[in-house]
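Throughout, read-outs are computed from the coordinates displayed, never taken from laboratory work. In this text the structure is predicted, and so the values were computed from the model without any measurement. Positions of Cβ are backbone-derived with ideal geometry, glycine not excepted, and every protein chain shown enters the neighbour counts.
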Ligand code: GDP
Ligand code: ZN
């Protein structure tokens, strides 16, 4: 699922308009600007991407980086500036449901005449991030996400393993690889941070203690994100925006609407956008993705992250036990022996009740 590095550059160039303006206004002629201008200088050049077939005309491919109604902004495969294309009735869409086109979708479009072009096809999605709201159809908010960076803080706000578990399970249920990023490591002793991460590392979840404040472990975080399309999720106040800006100081300019302080006269947007990191890889960000669950948690996903509880429960003599501690349940014994951690069991029970309550 690795992406061609060229793709990143393109979408970066596409988002550069506002950044250029800002730099111009500030008289800033930094190296980033030069890079961007070079990237843009081939605008109008003959595109290198060949047509798919003669019959279909000049069909090209790309990834949706932003969406306004039925009009998509697309980072073309193989480079060049972003283009726009419209979703039509004639567009082949392999999935049903309301969310025919979302940010992250791989598409094909007919590059004829002036943009906006016409979308010929939306490709099958590798992964989807969905949002469910009571009484409403499930809504896909982004497609083809490779990694869910679950951001938590070691302190201020305090570390909440239950919330982390919930995000983990919902990422897993959505088929997206999770990673735990424990931010604000500067506020606790290293051993404390290590103890918070340990249960997740044991489960095979990439887990990093970082600090957006001091820059600690930022290179390891870049390594984790490189070449992937990620989303950052987690509770408000844990430092997601600070982290993103630390990863890429230019990001604030590119995601100004999303991260801008409310009430400063900046336009606020609710739509998703895919933004390229300068080190390779990209992030899909919306205020919605950051706080909502990625997918409905499932029992399978729950069990995958609680193997020790599952093992203890296997000893239970009730076939349909909720392991809530009824007499005869094997789980309390495991708890006493220390095979199962009380907090994790608590988390398991809460999530299990929630999942079963839905079904
Ligand atoms: P978000 O709601 O998750 O996007 O969180 P913000 O990025 O807005 O950060 C919330 C607060 O935490 C801000 O006051 C940041 O300055 C602070 N913060 C972010 N990262 C760190 C960190 O690594 N260490 C410390 N001490 N504070 C941080
Ligand atoms: Zn039981």
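Listing for the model above:
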| quantity | calculated |
| --- | --- |
| DSSP beta bridge pairing in the stretch 83-170, given as percent antiparallel to the nearest 5 | 75 |
| Kirkwood Rh (inverse of mean 1/r, distinct Cα pairs), the stretch 71-186, angstrom | 16.5 |
| Gain on full stretching of the segment that runs from residue 124 to residue 339 - 0.36 nm per residue minus C-alpha separation | 73.1 nm |
| Additional length obtainable on full extension of the chain from residue 71 to residue 162, 0.36 nm per residue less Cα span | 28.8 nm |
| Förster radius 45 Å - calculated FRET efficiency between residue 112 and residue 327, Cβ distance, rounded to 0.05 | 0.05 |
| Label-to-label distance, nm, for residues given as residue 92 and residue 314 (7 Å Cα→Cβ offset) | 4.6 |
| Debye intensity ratio in log₁₀ form over the Cα atoms of the stretch 139-260, taken at each q of 0.18, 0.21 Å⁻¹ | -0.96, -1.31 |
